[in-house]
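Engineer: Quick one: this structure, given as structure tokens, is what I'll be asking you about.
The values are calculated or read from the model by the stated rules, or taken from the named source; none is laboratory data. Quick caveat, the model's predicted, so the values are computed rather than measured. Positions of Cβ are backbone-derived with ideal geometry, glycine not excepted, and every protein chain shown enters the neighbour counts. To get the accessible areas, we keep the full protein, side chains included, count just its heavy atoms, and leave off ligands, DNA and RNA. Shrake-Rupley method; radii C 1.70, N 1.55, O 1.52, S 1.80 Å.
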Amino acid sequence: MQKTICITGATSGFGRACAERFAADGWRLIVIGRRAERLAQLRDQLSASPIHAVTLDVRDPEAVSAMVRDLPPEFGAIDVLVNNAGLALGLEGAHQASLADWETMIDTNIKGLCYLTRCLLPAMVTRNRGHIINMGSIAGNYPYPGGNVYGTTKAFVKQFSRNLLTDLIRTKIRVTNIEPGLSESEFSLVRFHGDQGKASAVYQGTEPLRPVDIAEIVHWVTTVPPHVNICTVEVMPVCQSCGPLAVHREP
Ligand code: NDP
Ligand code: 8X3
């Protein structure tokens, strides 16, 4: 039977690569993002697959509810939700960061992810099947300068994923938290508010992860036998590792 996947943040990076990967595997796709022209382009590109594109800001709970309520019947039974829409904004220290940027990250990475999950979970529980795949980050595991609120939103995603599993213990629903490290997408361009020079410098001299690498992992966690739940996948490029703990010494 053809399966259905709902992917948020499908207009770019990981989400777009996931749409391409699952389309290649014959899935039915619900793709979500704010940029309508990108969604139209994706729909054209993947026209061989059943695809329902929804222009939606995940920060809007009413719009999320309406999207779920108005799903065409053939897209109504969602097997996998990929909560991927998200962003980092800024890299300033906590005493200098923009409060508006903090709010946008919290509203998108935490609240948006909760809205989608809360709206789609009841039907999964009723059907006693489903898989929620959350896009966390190594930033939720390891602090770095300027990662303040962004890293904390991803720590929320980690703990929320674990708590979902706890609530769903009596069901066959799976929950996976994927925690990528340095990956090249539009992520840094967004983080630096469109400054291409700063964004490119992030990847200079490295071989970062690519969106297709993440899409392969997202696909893989859905293919293990139904009694197996991949709880967490932490993945970095070979050129990345954890840093030492910092010690500041007075001169
Ligand atoms: P991109 O910037 O390439 O993609 C982000 C996607 O999120 C876009 O499709 C964007 O669509 C969507 N999005 C952002 N805000 C909203 C919103 N309010 N409503 C709906 N969609 C939204 O970045 P990545 O693909 O790299 O990032 C995807 C996820 O992976 C994010 O959660 C990010 O935090 C996480 N991540 C990224 C890493 C990296 O190094 N790249 C590493 C670890 C995790 P649109 O603008 O059209 O709305
Ligand atoms: C994205 C990875 O290290 O830029 O979540 O925060 S990092």
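Engineer: What spacing in nm lies between the two simple spin-label points modelled at Asp70 and Met1, each 7 Å away from Cα in the Cβ direction?
Structural biologist: Label-label distance for Asp70 and Met1, simple model: 2.7 nm.
Engineer: Hey, another quick one. How many nm separate the modelled label positions at Glu62 and Asn141, each set 7 Å beyond the Cα in the direction of the Cβ?
Structural biologist: 4.1 nm
Engineer: Something else about it: So which lysines pass the test for Lys158, namely a Cα distance under 22 Å, with those fewer than 8 places away in the same chain ruled out?
Structural biologist: Qualifying lysines at Cα under 22 Å: Lys111, Lys172.
Engineer: Determine the gain in length on full extension of the stretch Thr223-Ser241; use 0.36 nm per residue of separation and subtract their C-alpha separation, reporting nm with one decimal.
Structural biologist: Result: 3.7 nm gained on full extension.
Engineer: Right, here's the next one. Using a 1.4 Å probe on the protein heavy atoms, what percent of the accessible area of segment 108-186 belongs to carbon and sulfur?
Structural biologist: 58 percent
Engineer: Taking a virtual spin label 7 Å from the Cα of Ala100 along the C-beta vector, which residues in segment 116-157 bring their backbone nitrogen under 13 Å of it?
Structural biologist: Label zone hits: none.
Engineer: Taking the Cα centre of the chain as origin, work out the dipole magnitude from +1 charges on Lys and Arg Cβ and -1 charges on Asp and Glu Cβ, in debye rounded to 20.
Structural biologist: 740 debye
Engineer: A follow-up question, please. Mean residue ellipticity at 222 nm from the helices of the chain, using -39,500 (n - 2.57) per DSSP H segment of n ≥ 4 over the full residue count, to the nearest 500 deg cm²/dmol?
Structural biologist: -12000 deg cm²/dmol
Engineer: Can I ask one more? How far is the Cα center of segment 1-77 from the Cα center of segment 113-190, in Å?
Structural biologist: One Cα centre to the other: 18 Å.
Engineer: Tell me, rounded to the nearest percent, the portion of alpha carbon pairs in segment 90-143 spaced more than 17 Å apart.
Structural biologist: 55 percent
Engineer: If you don't mind, there's one more thing I want to ask. Using Stokes-Einstein with the Kirkwood hydrodynamic radius over Cα pairs, what translational diffusion coefficient do you get for segment 31-187 at 4 °C and a viscosity of 1.567 mPa s, in µm²/s rounded to a whole number?
Structural biologist: Stokes-Einstein gives a translational diffusion coefficient of 77 µm²/s.
Engineer: For the chain, build the charge dipole from Cβ charges (+1 Lys, Arg; -1 Asp, Glu) around the Cα centre, then report which of Leu165, Pro50, Ala85 sits farthest towards its positive end.
Structural biologist: In the chain, that residue is Leu165.
Engineer: So, by mean Cβ neighbours within 10 angstrom, what's the order for 13-22, 58-67 with the highest one leading?
Structural biologist: Packing proxy ranking, top to bottom: 13-22, 58-67.
Engineer: Next question. For Glu92 and Ile169, what is the calculated FRET efficiency with R₀ set at 35 Å and r taken between the beta-carbons, to the nearest 0.05?
Structural biologist: The pair Glu92/Ile169 has a calculated efficiency of 0.30.
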